[in-house]
Amino acid sequence: QKEVEQDPGPLSVPEGAIVSLNCTYSNSAFQYFMWYRQYSRKGPELLMYTYSSGNKEDGRFTAQVDKSSKYISLFIRDSQPSDSATYLCAMSSIRSGNTGKLIFGQGTTLQVKP
Amino acid sequence: KAGVTQTPRYLIKTRGQQVTLSCSPISGHRSVSWYQQTPGQGLQFLFEYFSETQRNKGNFPGRFSGRQFSNSRSEMNVSTLELGDSALYLCASSLAVGGSTDTQYFGPGTRLTVL
């Protein structure tokens, strides 16, 4: 069983829809949670960074962490065709000694249709 | 401020050869991490360097190695290439204030094809 599970999709939505992307994890030591966006033939780009449980909002993006359920989400409001990309969740634990080791989900491919 | 740069962007090698990939972190960043991305396994952590020292290592064979220079630039080397080493190799840099790796910023990657 992988430490981080993420549905690879693909997920196809109409422009303007609210998109919900999710990851579950098994390692209770994870404390830092990130969402990256990766366009085709590009490196991942950091979208959101959260520590511990709760919500964090940045423009059209909201990241949610529920540590009791070991579940994280990314919501995209008013989705645009330019949001079409692969979204990767990533996590790290304090036990890794803050030494850069991120564990990634498989990534969800999102397509927003005009 | 310039982002993370990786060279070369594309590389074709044959089995048994070795390859060296280069990464220049964002100016002022002291930590460099390397990842391998494949369709089957996704993004997997290779290793992380800080102040020229490897601090953490993923589950990859010893054929994968790296180093970091005093200017924080990093290289990774793969010896005796196998077909399965074909992947996108990504480098990420972090400011690492106080030595603690925080937000990581990725480069565009080097696409390695092994024939």
In region B:58-68, what count of residues is obtained for those that are at the interface with chain A (Cβ under 9 Å from one of its Cβ atoms) and open to solvent by 50 Å² or more (accessible area, probe 1.4 Å)? 0
Would you mind telling me which numbered condition in (1) at pLDDT below 95; (2) under 15 Å from A:Q80 (Cα atoms) A:V13 fails? (1)
Sort out which residues of region B:25-77 are of a type in the set (G, A, S), over 10 Å from the mean Cα position of the chain (by Cα) and within 16 Å of B:Y105 (Cα to Cα), and write them in order of number. B:S27, B:G28, B:S31, B:S72
Of the numbered conditions (1) open to solvent by less than 50 Å² (accessible area, probe 1.4 Å); (2) farther than 25 Å from B:I12 by Cβ, B:E52 fails exactly one; give the number of that condition. (1)
So how many residues does region A:55-83 have that are crowded, with 17+ Cβ neighbours inside 10 Å and over 14 Å from the mean Cα position of the chain (by Cα)? 1
Do the conditions hold for B:P108, that is, is it assigned to a loop (DSSP other than H, G, I, E, B), within 11 Å of another protein chain (Cβ to nearest Cβ) and modelled with pLDDT of 95 or more? yes
So A:N55 fits all but one of (1) in a loop (DSSP other than H, G, I, E, B); (2) out of contact with any Phe, Trp or Tyr (no Cβ under 7 Å at 6 or more places or on another chain); what number is the exception? (1)
Listed residues A:Y36, A:Y49; which is under 24 Å from A:S84 (Cβ atoms), without any contact (Cβ under 8 Å) to a residue 24 or more places away in the chain and in contact with a strand residue (DSSP E or B) (Cβ under 6 Å, 6 or more places away or on another chain)? A:Y49
All positions within region B:57-86 that are in contact with a helix residue (DSSP H, G or I) (Cβ under 9 Å, 6 or more places away or on another chain) and not in a strand (DSSP E or B): B:R63
Give the number of residues within region A:14-44 that are under 11 Å from the mean Cα position of the chain (by Cα) and open to solvent by 40 Å² or more (accessible area, probe 1.4 Å). 3
Can you find a residue that is at pLDDT 95 or above and within 11 Å of chain B (Cβ to nearest Cβ) anywhere in region A:59-70? no
Hits in region B:29-45 (condition: in contact (Cβ under 8 Å) with a residue 40 or more places away in the chain and either more than 17 Å from B:D102 (Cβ to Cβ) or surrounded by fewer than 22 Cβ atoms within 10 Å (Cβ to Cβ) (or both)): B:H29, B:R30, B:W34, B:Q36, B:Q37, B:T38, B:L43
Residue, nearest to B:I12 (Cα to Cα), within region B:83-105, restricted to residues that are more than 10 Å from chain A (Cβ to nearest Cβ) and modelled with pLDDT of 95 or more: B:S86
If I go through region B:26-56 residue by residue, how many of them are part of a strand (DSSP E or B) and more than 9 Å from every other protein chain (Cβ to nearest Cβ)? 6
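The values are calculated or read from the model by the stated rules, or taken from the named source; none is laboratory data. Keep in mind that what you see is a predicted model, and the values were worked out from it rather than measured. Note: ideal-geometry Cβ built from the backbone for every residue, glycine included; neighbour counts use all protein chains shown. Side chains are part of the model used for accessible areas, which takes the heavy atoms of the whole protein and leaves out ligands, DNA and RNA. Shrake-Rupley method; radii C 1.70, N 1.55, O 1.52, S 1.80 Å.
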